Amino acid sequence: MNDKVDLRSLFPDELKSLCGELGEKPFRAGQLFSWMHEKQVKSLEEMTNIPAAFKKKLSENAELVTLRPVQVLTSAIDGTKKFLFECPDGNVIESVWMQYKHGNSICISSQVGCRMGCRFCASTLDGCVRSLRASEMLEQVYRIREITGEKISNIVIMGSGEPFDNYDNLLKFLRLVTDEKGMNFSIRNITVSSCGLVPQIKAFAEENLPVTLALSLHATTDETRRKLMPIANKYSLNEVLSACDEYFEKTGRRISYEFSLVSGVNDTREEALRLAALLHGKNCHVNLIPVNPVKERDFKRPFREVILDFKNTLEKSGINATIRREMGRDINGACGQLRKSYLEEGQERSFEITE
């Protein structure tokens, strides 16, 4: 990281201040903002109505962060695309583009790696290198849009990293991506996923942003949750669920509870009944995720009939539940797998898996 100003992470008023410092008129800030977030350009050179002398000053004092696509994999099964992007400092991050009947969803990363240590996740195996800047989160959206040429209907911040462990940059990203003079993305079509950082969930509830919160639950007892998620050693199930209740009360947004089903760990009918009891009376939805096997762990996904029985048990108890459709199974679909295999190979390959 250098010490230059990160242009793409600046709000309009911050751009105005920068223009003033560099001896330029305030209206240039609006032009810069439009080029970066509405037109989503990759270089200062593309900004045709910005004077050359000002561009020179900008290049000396600031940087326009752009991500470089290193690999783009396309699933032969369902058309899902997985992207590996290189950040300006050489770190690599991954993002996913998924096609659904209701539109296209993208899943972006908030950190390089993750320090939360969830046992079933490849993202966390090498720890967290650093948090992403708002510009690097935005760039995942912009470059996916550019490469696919497709409209994006939903943004899910559920890739590598814990978004609330990068709280300030997350907020900046949300405000910039939804700015009406930029991409003008609907805030209601954004989901933020957390493993359960209670103080940050409570703080986020106060931000007055109608974002959907997805909570990684994965267990119905503190004992089992601690085995799967180290964060459970810090915050109990009661504390986490109470914070989610508070979030719903403040925002009116239905909570999505993520539940990774691991064979022999949390996939029994008894577990489903306990989950139904825990969530009874809450305005929520349960997303059942058959665990993606990670070679460094010995977790296995349950048989299909076990997964269906778990879902049916929840529904009979009055809990809305869906089984997440598997996307990109043939292209390192699990979170963090593509980045990990790329780093292990230690070489650059750019290719697409096609039919």
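Throughout, read-outs are computed from the coordinates displayed, never taken from laboratory work. Everything quoted here is computed from the prediction, not taken from an experiment. Note that each Cβ is placed from the backbone with ideal geometry, even for glycine, and that neighbours are counted across all protein chains shown.
General observations
- Here the 3J(HN,Hα) profile of the stretch 159-176, calculated from phi with Karplus coefficients 6.51, -1.76 and 1.60 at θ = phi - 60°, is x, 5, x, 9, x, 6, 7, 10, 4, 5, 5, 4, 4, 4, 4, 4, 6, 6 Hz, Gly and Pro shown as x.
- Potential lengthening between residue 223 and residue 46 on full extension [0.36 nm per residue; Cα-Cα distance subtracted]: 58.2 nm
- Ranking of 56, 300 by count of other Cβ atoms within 10 Å, fewest first: 56, 300
- About the centre of its Cα atoms, the stretch 70-162 shows a dipole size close to 220 debye [charges on the beta carbon of Lys, Arg (+1) and Asp, Glu (-1) only; nearest 20 debye].
- Dividing the summed helix terms, -39500 (n - 2.57) for each DSSP H run of n ≥ 4, by the number of residues in the chain produces a 222 nm estimate of -10000 deg cm²/dmol to the nearest 500.
- 3J(HN,Hα) couplings calculated from phi for the stretch 184-198 with the Karplus curve 6.51 cos²θ - 1.76 cosθ + 1.60 (θ = phi - 60°) are, in sequence order, 6, 6, 6, 4, 6, 9, 10, 10, 10, 9, 9, 7, x, 7, 4 Hz; Gly and Pro show x.
- Dipole check for the chain: with +1 at the C-beta of Lys and Arg, -1 at the C-beta of Asp and Glu, and the Cα centre as origin, the magnitude is about 460 Debye.
- Pairwise FRET efficiency - residue 56 versus residue 187, Cβ, R0 = 35 Å, nearest 0.05: 0.45
- Exposure proxy order (Cβ contacts within 10 Å, fewest to most) of 235, 100: 100, 235
- Cα gyration tensor shape for the stretch 5-63, rounded if a/c is under 1.5, else prolate or oblate: rounded
- Derived scalar couplings ³J(HN,Hα) [the stretch 209-216; Karplus, 6.51 cos²θ - 1.76 cosθ + 1.60; whole Hz; x for Gly, Pro]: 10, x, 8, 6, 9, 10, 9, 6
- Simple Cβ-charge dipole of the stretch 112-151, Lys/Arg +1 and Asp/Glu -1, about Cα centre, in debye nearest 20: 140 debye
- Ranking of 267, 165 by count of other Cβ atoms within 10 Å, fewest first: 165, 267
- A straight Cα-to-Cα reach below 18 Å connects residue 82 with the lysines 151, 340, residues fewer than 8 places away in its own chain not being considered.
- Sites residue 254 and residue 233 - FRET efficiency at Förster radius 30 Å, r taken between beta-carbons, to 0.05: 0.60
- If you plug the beta carbon distance of residue 323 and residue 2 into 1/(1 + (r/R0)^6) with R0 = 51 Å, you get a FRET efficiency near 0.65.
- Candidate cross-link partners of residue 39 among the aspartates and glutamates, defined by an alpha-carbon separation under 15 Å and a same-chain spacing of 8 or more, comprise 139, 146, 150, 179, 180.
- Whether the stretch 42-127 is rounded, prolate or oblate, judged on the alpha carbon gyration tensor where a/c under 1.5 counts as rounded: oblate
- Pairs from the list 234/282; 42/81; 172/282 with a Cα-Cα gap above 28 Å: 172/282.
- Beta bridges assigned by DSSP with both partners in the chain are antiparallel in approximately 45 percent of cases.
- Positive-end extreme of charge dipole, the chain - chosen from 275, 312, 61 (charges on Cβ): 312
- Under 15 Å from residue 55, Cα to Cα: aspartates and glutamates that are on another chain or at least 8 residues apart: 6, 21, 24, 45, 46, 63
- Sparsely packed trypsin sites (Lys or Arg not before Pro) within the stretch 202-267, loop by DSSP, other Cβ within 10 Å at most 16: 234, 254
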